[in-house]
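Okay, structure first, notes after.
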Amino acid sequence: MSKCNINPDRPLIVGPENLEKPFPIAVSGTVVKGFGRGSRELGIPTANLSDDALEEMFNECDTGVYYGWSQVGSKGTTVYPMVMSLGWNPYYKNEKKSAEVHILHEFAEDFYGEAIRVIVAGYIRPEQNYPSLDDLIRDIKTDIEVAKSSLQRKAYNELSNDALFTESQ
Ligand code: ADP
Ligand code: RBF
Ligand code: MG
């Protein structure tokens, strides 16, 4: 899938210049097994968050697609941009809510069971149903470009240095 195949009707920068409540939201958990639907084969693997991390999110957030920063493993390691899907995945008619994080980095190996920390910086769009898998993928590719552009703004970029990613509890 080429990077050019993004939805031209969608803006690449979303949300205000400075963060507004309830953002930023810090979430910590571990990476659990998802449905194994082969999102990896689509080039979009998603680290599924454990239920404890999920609860933190659901108390404050509507379902939908979010963007921000994420770190896997120990504190002090590299922090990468991420996009997150929170909800029911209407395309797949899930019966359980989930939070799935696609990190914008090529990892050499899987990291099931590892600690994951996320700072949610903003909201991109509601969850949608799609006539085809290609349409879903196209919108996710667009979400990725939206996250990259939107995180370049100063207030959003600074979040990658947040204490969540550096300080031990
Ligand atoms: P599952 O249904 O078990 O979540 P996926 O196909 O969504 O399976 O793959 C997710 C797994 O892929 C993650 O748990 C993680 O171990 C691995 N992974 C590799 N690269 C990434 C990435 N860039 N973002 C998220 N997960 C990744
Ligand atoms: N699933 C949907 O059914 N509708 C969506 O609008 C949707 N948006 C997503 C956006 C992003 C950024 C990501 C990473 C996933 C999204 N998904 C959506 C979830 C997708 O269906 C899921 O990753 C696969 O089910 C594999 O687990
Ligand atoms: Mg997944």
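The values are calculated or read from the model by the stated rules, or taken from the named source; none is laboratory data. The model shown is predicted, which means the values in this text are computed figures rather than measured ones. A quick note on method: Cβ atoms are made from the backbone with ideal geometry, for glycine too, and the neighbour counts reach across all protein chains shown. Side chains are part of the model used for accessible areas, which takes the heavy atoms of the whole protein and leaves out ligands, DNA and RNA. Shrake-Rupley method; radii C 1.70, N 1.55, O 1.52, S 1.80 Å.
A few remarks follow.
- One quarter of the surface of the convex hull around the alpha-carbon atoms of the stretch 78-146 equals 5.7 nm², the direction-averaged projected area.
- Computed over neighbours whose Cβ is under 14 Å from that of N18, the net charge equals 0, Lys and Arg +1, Asp and Glu -1.
- Loop GluC sites (Glu not before Pro), the stretch 7-101, which have at most 14 other Cβ atoms in a 10 Å radius of their Cβ (DSSP): E17, E20, E41, E95
- Loop sites in the stretch 57-140: trypsin sites (Lys or Arg not before Pro), DSSP, at most 11 other Cβ within 10 Å: K93, K96
- Mean residue ellipticity (222 nm) of the chain, computed from DSSP H runs ≥ 4 via -39,500 (n - 2.57), nearest 500: -5500 deg cm²/dmol
- Mean separation of Cα pairs under 8 Å and 6 or more residues apart, divided by the residue count, gives the stretch 26-165 a relative contact order of 31 percent.
- Area of T46 that stays accessible when all protein chains are in place (1.4 Å probe, Å², to 10): 40
- Per the Debye calculation on the chain with a single equal scatterer at every Cα and no solvent contribution, log₁₀ I(q)/I(0) for q = 0.08, 0.11, 0.13, 0.17 Å⁻¹ amounts to -0.21, -0.41, -0.59, -1.07.
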